[in-house]
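Novice: Can you read through this structure? Questions will come right after.
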Amino acid sequence: MHTTPSKPSDREIIQRIIDGDADAFAQILARYKDYVMGIVSKHVPYDQIGEIAHDAFIRAYQSLATFRGDGNFRHWLASIAVRTCYDFWRERYRSREIPMSSLTERHQEWLENVMSDSSDRAFDEQGSRREAGEVLDWALARLSAEDRMVLELVYLEGLTVRKAAELLGWTMANVKVRSLRSRRKLKKILSGPIGEEMLS
């Protein structure tokens with residue numbers, strides 16, 4: 001009776017890579033590709049997912065020697081993926097590649113209707129999730145990279161302050177303060193006068 005050989009642990013694969021077997025990283029890619037793509041897809045434009053996920057794996061490979069063997073590799077990799085997304089937005093905002101165009105008339109009308117009736121039922125009736133997402137993306141583009149990532153992690157994904165802090169490499173106090181301020185900024189953008197502010 002033959003027994004199926006057990007798969008090597010993450011720690012075993014990592015040690016092989018550190019010892020010089022670069023090809024062993026293919027096993028890490030195969031094991032975590034979907035996981036990293038899933039994280040990245042929540043934070044960057046659709047057409048950038050593959051590239052940013054690739055960058056995250058490159059960073060992980062280059063940083064493997066710093067991974068503590070007694071730690072959780074999945075969590076360590078998640079933090080690298082999140083920080084790669086954060087750096088993506090920092091670079092985008094710095095180079096002004098984010099389209100800062102005005103909302104379309106359809107979006108303005110939808111937002112005006114939503115703001116005039118704050119009930120959840122009215123929100124659902126006034127527009128589709130797609131429109132809500134497009135307006136949210138427009139508003140997020142007007143925030144800093146730091147504000148954007150905190151909002152997405154804490155409010156959109158529902159992560160705890162502790163978890164968000166771990167992923168971003170920030171202190172919990174920083175995340176708490178930033179999350180409150182960024183939420184206030186977003187609310188101001190969405191509830192501000194629809195006209196010059198949104199057409200600027």
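Novice: Among the numbered criteria (1) loosely packed, with under 11 Cβ neighbours inside 10 Å; (2) modelled with pLDDT of 75 or more; (3) not assigned by TED's automatic domain parsing to the domain that holds ILE58, which single criterion is violated by ARG129?
Specialist: In the conditions (1) loosely packed, with under 11 Cβ neighbours inside 10 Å; (2) modelled with pLDDT of 75 or more; (3) not assigned by TED's automatic domain parsing to the domain that holds ILE58, ARG129 misses (2) alone.
Novice: Exactly one condition in (1) within 15 Å of LEU167 (Cβ to Cβ); (2) aliphatic (A, V, I, L, M); (3) in contact (Cβ under 8 Å) with a residue 40 or more places away in the chain is false for LEU64; which is it?
Specialist: Unmet condition: (1).
Novice: Let me ask something else about it. Suppose we keep only residues that are assigned to a helix (DSSP H, G or I) and of a type in the set (S, T, N, Q) within segment 157-193. Which one would you say is surrounded by the fewest Cβ atoms within 10 Å (Cβ to Cβ)?
Specialist: Applying the filter and picking the extreme gives SER191.
Novice: Can you tell me how many residues in segment 19-49 are surrounded by 13 or more Cβ atoms within 10 Å (Cβ to Cβ), more than 22 Å from the chain's Cα centre (by Cα) and hydrophobic (A, V, I, L, M, F, W, C)?
Specialist: 2
Novice: Need at least 3 residues that are under 27 Å from THR171 (Cα atoms) and modelled with pLDDT of 95 or more per element, so show me which helices (runs of 4 or more DSSP H) inside segment 1-84 make the cut, counting only ones lying wholly within it.
Specialist: 25-41, 49-63
Novice: For segment 49-98, which residues satisfy the criterion of being over 17 Å from LEU140 (Cα atoms) and among the polar types (S, T, N, Q)?
Specialist: Correct list: GLN62, SER63, THR66, ASN72, SER79, THR84.
The values are calculated or read from the model by the stated rules, or taken from the named source; none is laboratory data. It should be emphasised that the depicted structure is a prediction, and the values quoted were computed from it without experimental measurement. We place every Cβ from the backbone using ideal geometry, glycine too, and count neighbours over all the protein chains shown.
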